[in-house]
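Each remark here refers to the structure printed beneath this line.
The values are calculated or read from the model by the stated rules, or taken from the named source; none is laboratory data. Keep in mind the model is a prediction, meaning the values are calculated, not measured. Positions of Cβ are generated from backbone atoms using ideal geometry, with glycine treated the same way; all protein chains shown enter the neighbour counts. Just so you know, the surface numbers come from the protein's heavy atoms only, side chains and all, with ligands and any DNA or RNA stripped out. Shrake-Rupley method; radii C 1.70, N 1.55, O 1.52, S 1.80 Å.
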Amino acid sequence: MTTPSSRPRIAIVGYGSQGRAHALNLRDSGFDVTIGLRPGGPTEIKAKADGFTVKTPAEAVAGAELVAVLTPDMVQAQLYTDVIEPNIAQGACLLFAHGFNVHYGQITPRADLDVVLVAPKGPGALVRREYEIGRGVPSVYAVYQDKSGKAEQFALTYCGGIGGARQNAIKTTFKEETETDLFGEQAVLCGGATKLVQAGWETLVEAGYQPEVAYYECLHELKLIVDLFYEGGITRMHEFISETAQYGALTRGPYIVDEHTKAQMKKVLTEIQDGTFARQWIAEYKAGNANYKAMKQADLDHPIEATGKKLRAAMAWLSTAPQPSAQPASSTAANAAAKTEQAAA
Ligand code: NAD
Ligand code: MG
């Protein structure tokens, strides 16, 4: 006999990167999962092809004991007001994969609900693949509102269902998850790393070196170094690189990341903590994303992209081996369609 808290009926709203992975993993873990999507939306076909019952977001939400909100962050506030709050059952559990909207006050969940967060520390395709091979990506979880007294249990049950608890499930808060997730992606992972790679490549090319050689040095080989970090930290990198590379890294690294860089990182963090970043991003989205689209296009048009495209065509292993960010072809297309639609929304 299952009880609602041990095996809640789950509605997942959104079937993109995280939504699809959570849904498939939870179903394989024995949960009753319904997908909520706008009829005719870009990922509806994919969810149906994967064998799920697809309902409108309102219908899916109404029938669930746990509602996972896995749409893009910028549509969640309106979705909550228009669809979730009017339909979600009394005392149900509302779950997010990122604390943005609750932490920045864009969503004020109804008082009768449990409100939790489960955020796998990896993209959806990896969440699915790790589950399939019997592992899981590390996750963080948090409780914002505990009406039933079982909110933490809901979060851990969900975390286990998607495979996250198999590895590590670290308890956090909505504030900590939101602020650290934004900081990591802005300062180090997505923002810092791309600008470091582009500036390094530009420096070599402007000095007259071949763009292809510069690509290998500044982008391609970054993966080899990051793999060492991932497996055994900076210690492992030092074990594997030459003494010359070590001495160069130790003496020249601080030329690049110096006190000014660290001060800039603190500025990034302050703008996250005081809400400046969130207000700016929400305003940009509401104004139609003109700046966002233009800046993204500049990244896509950077000449390192053309160099890399040409070189990668000769890397046979890239077309055969599954890549961490890769999705099955149909899912990639569906996600691309979803992102385009979302950008146009
Ligand atoms: P996504 O863009 O890949 O997918 C969005 C899905 O929502 C699509 O199915 C789309 O059709 C649907 N959708 C869009 N607007 C909708 C609406 N108004 N009503 C109903 N459905 C709608 O999204 P994602 O990257 O999986 O992000 C989902 C959540 O997960 C976000 O909160 C994000 O911060 C969080 N998250 C993402 C990652 C990641 O690696 N992508 C990692 C951790 C947490
Ligand atoms: Mg993030």
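Hey, what D do you get for region 1-130 in µm²/s if you plug the Kirkwood alpha-carbon radius into Stokes-Einstein at 25 °C and 0.890 mPa s? Write out the running numbers ahead of the final one.
Details: Rh = 14.6 Å.
Diffusion coefficient, whole number: 168 µm²/s.
Length gain on complete extension for the stretch Thr56 to Ala249, per 0.36 nm per residue less the alpha carbon to alpha carbon distance? Before the final figure, lay out each step's value.
Numbers: separation 193, 0.36 × 193 = 69.48 nm, distance 5.44 nm.
In short, 64.0 nm is gained.
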- Mark the label point 7 Å from the Cα of Lys175 along Cα→Cβ and return the residues of region 98-114 whose backbone N is within less than 14 Å of it. 103-105
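Given a 1.4 Å probe and heavy atoms of the protein chains only, how would you sort Leu269, Leu79, largest accessible area at the top? Walk me through the numbers before you get to the answer.
Working: Leu269 60, Leu79 30 Å².
Largest accessible area first, the list is Leu269, Leu79.
Over 33 Å, how big is the tail of the calculated P(r) for the chain, in percent of all Cα pairs?
Details: 20100 of 59340 pairs.
Taking all Cα-Cα pairs of the chain, the fraction more than 33 Å apart is 34 percent.
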- Query: Among Phe240, Phe277, Phe31, which one shows the biggest mean-square fluctuation in a GNM of the chain, springs joining Cα atoms closer than 10 Å?
  - Reply: Phe240
- Could you please tell me the mean projected area of the C-alpha convex hull for region 151-220, averaged over all directions and given in square nanometres to one decimal? 6.5
- Label region 248-293 by shape, choosing from rounded, prolate and oblate, from the square roots a ≥ b ≥ c of the eigenvalues of the Cα gyration tensor; if a/c is under 1.5 it is rounded, and otherwise prolate applies when a/b is larger than b/c, oblate when it is not. oblate
- Message: Starting from the Kirkwood Rh over alpha-carbon pairs, what translational D in µm² s⁻¹ does region 77-162 have by Stokes-Einstein at 4 °C and 1.567 mPa s?
- Response: 94
- Message: Quick check: convex hull over the Cα atoms of region 272-321, volume per residue in Å³, rounded to an integer?
- Response: 131
- Karplus (6.51, -1.76, 1.60) ³J(HN,Hα), θ = phi - 60°, over region 65-81, in Hz, Gly and Pro reported as x: 8, 9, 10, 9, 9, 10, 8, x, 3, 6, 9, 5, 5, 5, 4, 4, 5
- Message: Quick check on my link table: of Lys223/Lys266; Lys55/Lys121; Lys266/Lys309; Lys266/Lys293, which ones sit more than 31 Å apart, alpha carbon to alpha carbon?
- Response: Lys266/Lys309
- Mean-square fluctuation maximum in Gaussian network of the chain, Cα pairs under 10 Å, restricted to Glu221, Glu284, Glu239, hits Glu239
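What does the C-alpha gyration tensor say about the overall shape of region 191-320? Classify as rounded when a/c is under 1.5, otherwise prolate if a/b is larger than b/c, or oblate. Kindly include the intermediate steps, with their values, before the conclusion.
Working: a/c = 1.91, a/b = 1.28, b/c = 1.49.
It comes out oblate by the Cα gyration axes.
Rounded to the nearest percent, how much of the accessible area of region 118-231 (1.4 Å probe, protein heavy atoms only) is carbon and sulfur? Intermediate values should be presented prior to the final figure.
Values: 3500 of 6070 Å².
For region 118-231, the apolar C and S fraction of the accessible surface comes to 58 percent.
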- Starting at 0 and stepping by 10 Å, how many percent of the alpha carbon pairs of region 123-264 end up in each bin? 9, 25, 31, 21, 10, 3, 0
